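J.: I'd like to ask you about the structure that follows.
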Amino acid sequence: ELLRTNKDYQVICVCLEIIKNESDAKEIARELLETNKDYQVICKCLPILKDTSEGIDYALHILSDWKNKDNNIVIRSLEVLAGTKEAEEITKVIIRNHQGKFNIYSRMMFWGHGNYDCWQKEVVRVIKNWWKNSELVVGHCLRHSEDNYFDTKTVCLGYLEEWKERIKKIKGKQKPVFYFMTKSLAHPYLRNQAKDTAGKMLEYEKNNKGFLPDVVKQAAEDIIERDIFPEWHTEIEIETT
């Protein structure tokens, strides 16, 4: 009843997360999809309805005009339609036009819904040309290339060698993400280089307090002080929207 009467999207999203596996979750999600326009609520409803005609129809509607829709909803629609020709075609278009649609492109590279050939080829292209690509997207592609030790070693070594410049660059971003750097410190074939870099990071931090992002500083301290390296094989974090 709270879901049907409450207007606070945060409360609705929390409730949907709690009941998503309950028997009446689909019915509630259907009602909310019809009556609620908040993108975060819609993004919670779509995965619940991904095996239903309502969810599929809604996702198809979104993809038919995806350039004018909220990016979060487009990504969820690609998830609902994963493996379909419609979703694959949109994936191809986003990859071809990634420079003009960076936000949705980067999120698509993170999730990889459908695991299409075009997406797999893009992962390979990004890794092969890592220095030309955004650290954010390269980090996503490293996550999806964990069994490719040879090519990822080249990428991670490059980031370790350029750690100061790369961190300085990303700190200037509105929403800085340093996964690419902690991932580079984690490469199983670069233990010596990672330890050397971690030492240089901590030494630099002594005279430039606050330069290292907390997540990078913690990783460096773990390596130097405890001989513990970040995990190379990682789970995909679930987004909240």
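The values are calculated or read from the model by the stated rules, or taken from the named source; none is laboratory data. The structure presented is a predicted model; accordingly, all values stated were derived computationally and were not measured. Virtual Cβ from ideal backbone geometry, glycine too; neighbours counted across all protein chains shown.
J.: Just give me the residues in segment 74-87 being over 15 Å from the mean Cα position of the chain (by Cα) and either surrounded by fewer than 16 Cβ atoms within 10 Å (Cβ to Cβ) or not in a loop (DSSP other than H, G, I, E, B) (or both), in sequence order.
T.: Residues of segment 74-87 over 15 Å from the mean Cα position of the chain (by Cα): 77, 80-87.
The answer is S77, V80, G83, K85, E86, A87.
J.: So, one more: Among the numbered conditions (1) within 25 Å of D151 (Cα to Cα); (2) surrounded by 14 or more Cβ atoms within 10 Å (Cβ to Cβ), tell me where F211 comes up short.
T.: With (1) within 25 Å of D151 (Cα to Cα); (2) surrounded by 14 or more Cβ atoms within 10 Å (Cβ to Cβ) applied to F211, the lone miss is (1).
J.: Taking only pairs six or more apart or across chains, which ones have beta-carbon atoms under 9 Å, a first residue in segment 132-146 that is under 13 Å from S106 (Cα atoms) and without any contact (Cβ under 8 Å) to a residue 12 or more places away in the chain, and a second residue that is of a type outside the set (F, W, Y) and surrounded by fewer than 17 Cβ atoms within 10 Å (Cβ to Cβ)?
T.: The qualifying pairs are N133/R125.
J.: Also: Suppose we filter segment 88-106 for residues that are at pLDDT below 95 and crowded, with 19+ Cβ neighbours inside 10 Å; how many remain?
T.: Residues that pass the stated criteria total 1.
J.: While we're looking at this one, here's another question. Can you name the condition, by its number, that I236 falls short on among (1) β-branched (V, I, T); (2) loosely packed, with under 13 Cβ neighbours inside 10 Å; (3) at pLDDT 95 or above?
T.: Condition (3) is where I236 drops out.
J.: Polar (S, T, N, Q), within 18 Å of the chain's Cα centre (by Cα) and within 25 Å of S77 (Cα to Cα): does that describe N115?
T.: Working: polar (S, T, N, Q): yes; within 18 Å of the chain's Cα centre (by Cα): yes; within 25 Å of S77 (Cα to Cα): yes.
So N115 passes the test.
J.: Condition test on N115, is it surrounded by fewer than 18 Cβ atoms within 10 Å (Cβ to Cβ), of a type in the set (S, T, N, Q) and on the phi > 0 side of the Ramachandran plot?
T.: Numbers: surrounded by fewer than 18 Cβ atoms within 10 Å (Cβ to Cβ): yes; of a type in the set (S, T, N, Q): yes; on the phi > 0 side of the Ramachandran plot: yes.
Against the criterion (surrounded by fewer than 18 Cβ atoms within 10 Å (Cβ to Cβ), of a type in the set (S, T, N, Q) and on the phi > 0 side of the Ramachandran plot), N115 qualifies.
J.: Could you list, in sequence order, all residues of segment 166-195 that are small (G, A, S) and touching a Phe, Trp or Tyr at 6+ places or on another chain (Cβ under 8 Å)? Quick ask: steps written out before the conclusion?
T.: Keep residues of segment 166-195 that are small (G, A, S), which gives 172, 184, 186, 194.
Passing the criteria: S184, A186, A194.
J.: Filter segment 158-167 down to residues that are of a type in the set (D, E, K, R) and closer than 17 Å to K132 by Cα and give me whichever is surrounded by the most Cβ atoms within 10 Å (Cβ to Cβ). Steps first, answer last, please.
T.: Residues of segment 158-167 of a type in the set (D, E, K, R): 161-162, 164-166.
Narrowing further to those that are closer than 17 Å to K132 by Cα: 161-162, 165-166.
Numbers: E161: 13, E162: 14, E165: 10, R166: 18.
Only one residue fits best here, namely R166.
J.: If I ask for residues that are under 13 Å from E122 (Cα atoms), assigned to a helix (DSSP H, G or I) and not aliphatic (A, V, I, L, M), which ones from segment 89-110 would you list?
T.: Start the filter on segment 89-110 by keeping residues that are under 13 Å from E122 (Cα atoms), which leaves 91-98, 105-106, 108-110.
From the residues that got through so far, the ones that are assigned to a helix (DSSP H, G or I) too are 91-96, 105-106, 108-110.
Answer for segment 89-110, where residues must be under 13 Å from E122 (Cα atoms), assigned to a helix (DSSP H, G or I) and not aliphatic (A, V, I, L, M): T91, K92, R96, Y105, S106, F110.
J.: Take L212 and tell me if it is assigned to a loop (DSSP other than H, G, I, E, B) and either closer than 15 Å to K164 by Cα or touching a Phe, Trp or Tyr at 6+ places or on another chain (Cβ under 8 Å) (or both). Before the answer, list the steps.
T.: Numbers: assigned to a loop (DSSP other than H, G, I, E, B): yes; either closer than 15 Å to K164 by Cα or touching a Phe, Trp or Tyr at 6+ places or on another chain (Cβ under 8 Å) (or both): yes.
Considered against the rule, which asks whether it is assigned to a loop (DSSP other than H, G, I, E, B) and either closer than 15 Å to K164 by Cα or touching a Phe, Trp or Tyr at 6+ places or on another chain (Cβ under 8 Å) (or both), L212 comes out as yes.
J.: Does Y189 qualify as being more than 30 Å from Q40 (Cα to Cα), over 18 Å from the mean Cα position of the chain (by Cα), in a loop (DSSP other than H, G, I, E, B) and hydroxyl-bearing (S, T, Y)?
T.: Working: more than 30 Å from Q40 (Cα to Cα): yes; over 18 Å from the mean Cα position of the chain (by Cα): yes; in a loop (DSSP other than H, G, I, E, B): yes; hydroxyl-bearing (S, T, Y): yes.
Yes, satisfied.
J.: What is the residue count in segment 142-165 for residues that are part of a helix (DSSP H, G or I) and in contact with a Phe, Trp or Tyr (Cβ under 8 Å, 6 or more places away or on another chain)?
T.: Residues of segment 142-165 part of a helix (DSSP H, G or I): 142-143, 149-161, 163-165.
Okay, now just the ones that are also in contact with a Phe, Trp or Tyr (Cβ under 8 Å, 6 or more places away or on another chain), so 142-143, 149, 153-155, 158-159, 164.
Going through segment 142-165 one residue at a time, the tally reaches 9.
J.: Kindly list, by first and then second residue, each pair from a residue in segment 221-235 that is under 13 Å from G199 (Cα atoms) to a residue that is charged (D, E, K, R), limited to pairs with Cβ atoms under 6 Å and residues at least 6 apart or on different chains.
T.: I223/K195
J.: Which numbered condition in (1) more than 20 Å from M109 (Cβ to Cβ); (2) out of contact with any Cys (no Cβ under 6 Å at 6 or more places or on another chain) is the only one that L190 fails?
T.: (2)
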